[in-house]
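Accompanying notes for the structure given below.
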Amino acid sequence: MPTLRFHSWSRRALENDIKPGNRYRRHFASLVATATVLDLRPDLSGIAHVHFAIAIEGSAAGRSANLGTRILALRSFADTYRERIP
């Protein structure tokens, strides 16, 4: 049970750190997804959402692709993109 408390504390800390201009990384098998935060806005229910641009880089092929913009709820974004790029 202490792990759950630590996990929700660390997620809240990350959620508070997410700001426009920050970049976050997510690793897949041989791909890296980089999300650049464009904006944070609440929806009509008041749930915070992150608007971000996403780019995918393939380490094996050395190629990259910009995939446009996406929107995720703040909590989902924090769970998905945990590694901040300085």
Under the Karplus relation 6.51 cos²θ - 1.76 cosθ + 1.60, θ = phi - 60°, what is the ordered set of whole-Hz ³J(HN,Hα) values for region 71-77, x standing for Gly and Pro? 9, 9, 4, 3, 5, 5, 4
Given backbone amide H placed at 1.01 Å from N, residues whose amide H is under 5 Å from that of His49, ignoring those fewer than 5 places away on the same chain, are Arg41, Asp43, Leu74
Work out from phi, with θ = phi - 60° and the Karplus expression 6.51 cos²θ - 1.76 cosθ + 1.60, the ³J(HN,Hα) of each residue of region 42-54, listed in order in whole Hz, and give x for Gly and Pro. x, 7, 5, 8, x, 7, 5, 10, 9, 9, 9, 9, 10
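A short reminder: the numbers here are calculations on the coordinates, not readings from a lab. In this text, all values refer to a predicted model and were calculated from it rather than measured experimentally.
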